[in-house]
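J.: Sharing a structure below in structure tokens format, with a few things to ask.
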There are 2 protein chains.
Amino acid sequence: MKLEVDSQPLREARREANNLRPVIILVEPQLGENIGTAARAMANFGLRELRIVNPRDGWPSEMAEKASANAIEVVKNAVIYSTFEDAISDLNFICATTARPREMVKPVLSPESAAQKMHQLTQKGEKTGIIFGREKSGLNNTDISHCDSIVIAPVDPDCASLNLAQAVLLMGYEWRRQFSIENEEQATLGRKTDFDGPAKEGIRLKDSRNATKGEMSGLFTHLESELEKSGFLRTVEKTPQMMRNIRNMIIRMQPTDQDVRTLRGIITSLVNGSHRSENSK
Amino acid sequence: MKLEVDSQPLREARREANNLRPVIILVEPQLGENIGTAARAMANFGLRELRIVNPRDGWPSEMAEKASANAIEVVKNAVIYSTFEDAISDLNFICATTARPREMVKPVLSPESAAQKMHQLTQKGEKTGIIFGREKSGLNNTDISHCDSIVIAPVDPDCASLNLAQAVLLMGYEWRRQFSIENEEQATLGRKTDFDGPAKEGIRLKDSRNATKGEMSGLFTHLESELEKSGFLRTVEKTPQMMRNIRNMIIRMQPTDQDVRTLRGIITSLVNGSHRSENSK
């Protein structure tokens, strides 16, 4: 049974949707070998786009290429960034892998729920990423405050430590598992496409999209600068903590691009509006 | 609400059921290091019983102990068998992990279905096992012919090879995932299990609470009044719509009582701070 014409534009749209797989971002990985085995774990489950923030031992890395085995293309195509914020700026949804919940008000997801969430967003054309921290210390609270969710694997508390490649492997496995489930469901419905499924549950209007991390950064910089001027961020030592709390709060809102514009409009108006009223006195 | 008497025999029965975790059987593993990392992957997901058929480099293995890190007890308690048949003789259900389906009439399961199946059997008091083959050649057809099912992980055909520890990791992960799902269901029924689970999904810190609707109202009134003064809500007819949008945005944030205080502090500061800078001119 063929329900639709398998036209060229349709095929291209599908190919594009298929390309929207989660990006893997390694933050300050220490050993080239771990980068290589992580790349191989990505390739095991069809993930291809690797970004690395400040690899400790420099780049390119012979060790990484060697350890990646037949996933060497993933390593060779990896893009290096000097800041975490640059590495995430074009992404719409990112989750931070951590061993324990942090003292932050932030959604905590299982690998399964995170993979489901990323699939739903992918179907709407949004770009997602999974963030992995340093081998020794993981992600710091500032890194995490930029993320939409925390993901924690259901490990035994008595033996909770996973190495980098294993953590990547589990997330890749869950992502591909959800991908397979979806494709099976589509096949059952007689549809040939990989991603244009029925409407999923969600909170978004049709035409809206999650703000990119770059748009979010612009908002945070704007707000921080105004809060500094206004004296809200009085104690310099407490500023990073306060801004983390504010970022966590606003990210939980899952703002659309329009929401970011509205929020920035509100900030500008609150600041300038009172100027105006001052001036008119 | 207590649904049943928490009697001593019942507790013991539960403990015993919890102890019926799948046995991991490695058939003729070649490198001690791989045995050690496989043991660690077992321990990550609460699996403790390791059996080894003819380890190539003999036993005990210093390499295995070293690579197991804090899962050394799993290695030390491993039992060595000289034949595969001896290693599986007390088990009720075993599945063979392979990279490809073999030319055999044998059920092929996903890791998820295999884990579900093993849980069902465990609840009836049956003992299950998962079999892993040699690093180079996997399980031979005779080994597999003893098994009830074949399990294949949904890897990308272009990069299908998982190392021994990774294969164990995925099976351990799926087993524990099913275990958690089951125990959550038990907990929902008011039953207490021995399972000391990982972090639950959720968004809240222990001590925080959602803001009351009264606190939210106070915030919205405060914001609306300042936005009116500043001129942001210029067109009176559009005000209700604009405030609805802003409310929706802020409610999606699921603010705590503390978040509401922070937001009101920000509003006050943005408004007053610029007064202050005006005054200081």
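J.: Could you check the simple spin-label distance between residue B:181 and residue A:137, using points 7 Å along Cα→Cβ, in nm with one decimal?
T.: Taking the simple label geometry, residue B:181 and residue A:137 are separated by 3.9 nm.
J.: With a cut-off of 14 Å, note down the residues of region A:210-240 whose backbone N falls inside the zone around a label point 7 Å from the Cα of residue A:264 toward its beta carbon.
T.: Residues passing the 14 Å test: A:211-226.
J.: Same structure, new question: Could you pull out every residue, at least 5 positions away or on a different chain, whose amide H is within less than 5 Å of the one on residue B:135? Hs are placed 1.01 Å off N in the peptide plane, and Pro or chain starts have none.
T.: For residue B:135, whose amide H was placed from the backbone, the distant partners under 5 Å are B:30.
J.: Tell me which residues come under 5 Å, amide H to amide H, from residue A:81 once H is placed; ignore anything under 5 positions away on its chain.
T.: A:52, A:53, A:54
J.: Students sometimes get this wrong: rank A:76, A:229, B:136, B:127 by accessible area, probe 1.4 Å, all chains present, largest first.
T.: B:136, A:229, A:76, B:127
J.: Still on this structure: Report the net charge of residues surrounding residue B:55, where surrounding means a beta-carbon distance below 13 angstrom and charges are Lys +1, Arg +1, Asp -1, Glu -1.
T.: Net local charge, residue B:55 excluded: -3.
J.: Something else: Hey, how many Å between the Cα centroid of region B:208-234 and the Cα centroid of region B:114-144?
T.: Taking the Cα centre of each part, region B:208-234 and region B:114-144 sit 59 Å apart.
J.: Related question: Leaving out ligands and nucleic acids, note down the accessible area per residue over region B:213-275 with a 1.4 angstrom probe, in whole Å².
T.: 50 Å²
J.: Further, regarding this structure: In percent, how large is the relative contact order of region B:15-189, given Cα pairs closer than 8 Å and 6 or more residues apart?
T.: 30 percent
J.: Same structure, new question: Given a 1.4 Å probe and every protein chain left where it sits, what share in percent of the accessible area of region A:227-277 is carbon and sulfur?
T.: 52 percent
J.: Buried accessible area between B and A (1.4 Å probe, both chains summed, ligands and nucleic acids excluded), in Å² to the nearest 100?
T.: Summing both chains' loss of accessible area gives about 5700 Å².
J.: Sticking to Cα atoms, compute the Rg of region A:15-189 to one decimal and its Dmax as the biggest Cα-Cα distance, whole number, in Å.
T.: According to the Cα coordinates of region A:15-189, Rg and Dmax are 15.4, 50 Å.
J.: Taking a label point 7 Å out from Cα toward Cβ, give me the nm distances from residue A:81 to the same spot in the other copies, shortest first, one decimal.
T.: Listed shortest first, these distances are 5.0 nm.
J.: Could you tell me, in Å, what Rg and Dmax come out for the Cα atoms of region A:66-145?
T.: Values for region A:66-145 (Cα only, Rg and Dmax): 14.3, 40 Å.
J.: In the structure displayed, which of A:117/B:117; A:76/B:136; A:127/B:117; A:124/B:136; A:106/A:229; A:117/B:229 lie more than 32 Å apart, Cα to Cα?
T.: As for pairs spanning more than 32 Å Cα to Cα, those are A:127/B:117; A:124/B:136; A:117/B:229.
J.: Ordering A:237, B:112 by accessible area with a probe of 1.4 Å, largest first, what comes out?
T.: Ranking A:237, B:112 by accessible area, largest first, yields A:237, B:112.
J.: Okay, moving on. Which of rounded, prolate, oblate describes region A:44-85, given a ≥ b ≥ c as roots of the alpha-carbon gyration tensor eigenvalues and a/c under 1.5 marking rounded, otherwise prolate only if a/b is larger than b/c?
T.: oblate
J.: Okay, moving on. Using every pair of alpha-carbon atoms in region A:213-275, split the distances into 10 Å bins beginning at 0 and state the percent of pairs per bin, rounded to integers.
T.: 20, 53, 26, 1
J.: Hey, any idea what % of region B:22-93's accessible area is carbon plus sulfur with a 1.4 Å probe?
T.: On region B:22-93, the fraction of accessible area on carbon and sulfur atoms equals 46 percent.
J.: Does region B:18-63 classify as rounded, prolate or oblate by the C-alpha gyration tensor (a ≥ b ≥ c root eigenvalues; a/c under 1.5 gives rounded; else a/b over b/c gives prolate, otherwise oblate)?
T.: prolate
J.: Turning to a different aspect of this structure: For region B:15-189, what is the accessible area per residue in Å², given a 1.4 Å probe and the full set of protein chains?
T.: 44 Å²
J.: Ok, one more. List every residue whose amide H lies under 5 Å from the amide H of residue A:127, counting only residues 5 or more places away in sequence or on a different chain, with H placed 1.01 Å from N in the peptide plane.
T.: It is A:92, A:93, by chain and number.
J.: For residue A:225, place a label point 7 Å out from Cα along the Cα→Cβ vector, do the same in each other copy, and report the separations in nm, one decimal, smallest first.
T.: Label-point distances to the other copies, shortest first: 3.0 nm.
The values are calculated or read from the model by the stated rules, or taken from the named source; none is laboratory data. These figures come from a predicted structure and were not determined experimentally. Ideal geometry is used to build each Cβ from the backbone, glycine not excepted, and the neighbour counts take in all protein chains shown. To get the accessible areas, we keep the full protein, side chains included, count just its heavy atoms, and leave off ligands, DNA and RNA. Shrake-Rupley method; radii C 1.70, N 1.55, O 1.52, S 1.80 Å.
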